[in-house]
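First the structure, in the form of structure tokens, and then the observations on it.
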Amino acid sequence: MKEHIGYHYTAVWPVVGSVHTDTIYTTWLVMAVVLALLASVGSSYRRPRVGKTQTVFEGVIEYIADLVHGSLGKSGEPFVPFFVALFIFLFALNQFGVFPFKLFGLSIGGSPTADLNTTVPYAFLIFVLIQVVAVRKKGVAYFKHLAQPFPIMLPINLLEESMRPVTLAARLFFNIFVGELLFIIVASIIVQGVMIGPFNLSIAVAIVPFFIQFFNFFVGTVQAFIFTLLGVVYLSLATGDEH
Amino acid sequence: MSSEALIAAATILAFGIIILGVAFGSAVGDGIVASKAVEAIARQPEARPNIFLFMFLGIGVLEAFPIIGLGLGFYLLLVVANVPALLSHLAK
């Protein structure tokens, strides 16, 4: 089987060392595509008519803005662009695995989020953002919440706080990774030509990838949304008033 | 019984147990979330969009764990023990 589980093209770059080149190139490509799309949407506001794309993007942005305002109140206003950008970019990264560039021998393709090297930095970014914003708002007194309600709870609170980015990264990674894994498994069943009596199971199984693709689209959308929403919720938990 | 057959059998059994656990747990959890959401909508039909949002959030958070279990199970089956290679070796 040429396509391995969790296989990546690797190369040794100066300064940074060994890297997954397909993940990096795909991320750059998605960045370019998303930037071009958003620039075209932004420049379309110069025209007097309201387009369909504008309406779709306004719906997405207002939905996430309502979410941030609902959780963080007035102080959430500066974070709306960040979370909107996070959602749109993660959505694009998740859905980019649809294009089978790797089959044509190119060094790009596959979802970059099906690689822990992509999801861990995003989770770490959220974690650092939360700590910085909370310390700016409350001062060093913010770290007192680790000793709540009793000082003896410190290890448990510390564990809970540090497990948040880990579960955030692992959830996104495994959901997208298993979506790609299912394709490989179905493909290997088709290639092997399994016979059950007179029936060829491989032909019957050949329709399954069609449904897996729907499942992947749903999962990619929901996981991008959940990543964003959990970021908002953790931020509101850290910066909210004591209760 | 050769040791390869034993490894293949034990790995397939372990995979079955993993899938049993994650499928049972996530099915019960999904059922609880959906039934509570239906109850809440029946009680307050005007809060329906909000309830749907939190229902999908809960299901999405919950679905991550069976998928993590499935991923680790496939990792065990295909990479750690490499059952397809063992089986094709046994068939010779």
Defining a contact as two alpha carbons under 8 Å apart and six or more residues distant in sequence, what relative contact order in percent does segment A:10-159 show?
21 percent
If we count other beta carbons within 10 Å of each Cβ, what is the order of B:Ile32, B:Ile68, A:Ile126, fewest first?
B:Ile32, B:Ile68, A:Ile126
Within 10 Å, count the other beta carbons around each residue, average over each peptide in A:76-86, A:173-183, and list them highest first.
A:173-183, A:76-86
Rounded to a whole number, the Stokes-Einstein D of chain B in µm²/s (Kirkwood radius over Cα pairs; 25 °C; 0.890 mPa s) is 157 µm²/s
Kindly state, to the nearest 0.05, the FRET efficiency for A:Glu161 paired with B:Asn50, given R0 = 25 Å and r defined as their beta-carbon distance.
0.35
For the A:Thr53, B:Val80 Cβ pair and Förster radius 35 Å, calculated FRET efficiency rounded to 0.05 is 0.15
Please build a GNM for chain A, connecting alpha carbons under 10 Å apart, and tell me which residue among A:Val194, A:Val219, A:Val208 fluctuates the most.
A:Val194
Note: A:177-186 gets an average of partner chain Cβ contacts (10 Å, Cβ to Cβ) equal to 3
Residue mean of other protein chain beta carbons inside 10 Å, B:66-73:
5
Cut-off 14 Å, label 7 Å out along Cα→Cβ of A:Trp28, residues of segment A:83-124 by amide N
A:107-109
Kindly put A:Met153, A:Met195, B:Met55 in sequence by how many other C-beta atoms sit within 10 Å of each C-beta, fewest to most.
A:Met195, A:Met153, B:Met55
What is the distance in Å between the Cα centres of segment A:178-212 and segment B:1-76?
23 Å
Rounded to two decimals, what is Rg over Rh for the protein assembly as shown when you use alpha-carbon atoms and the Kirkwood radius?
1.01
Nearest-0.05 FRET efficiency for A:Leu237 and A:Val205 at R0 = 45 Å, using Cβ-Cβ distance, is 0.50
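Here, each number is a calculation from the coordinates, and none is a lab measurement. As the structure is a prediction and not an experimental result, all values here were calculated from the model. Note that we place each Cβ from the backbone using ideal geometry, even for glycine, and neighbour counts take in every protein chain shown.
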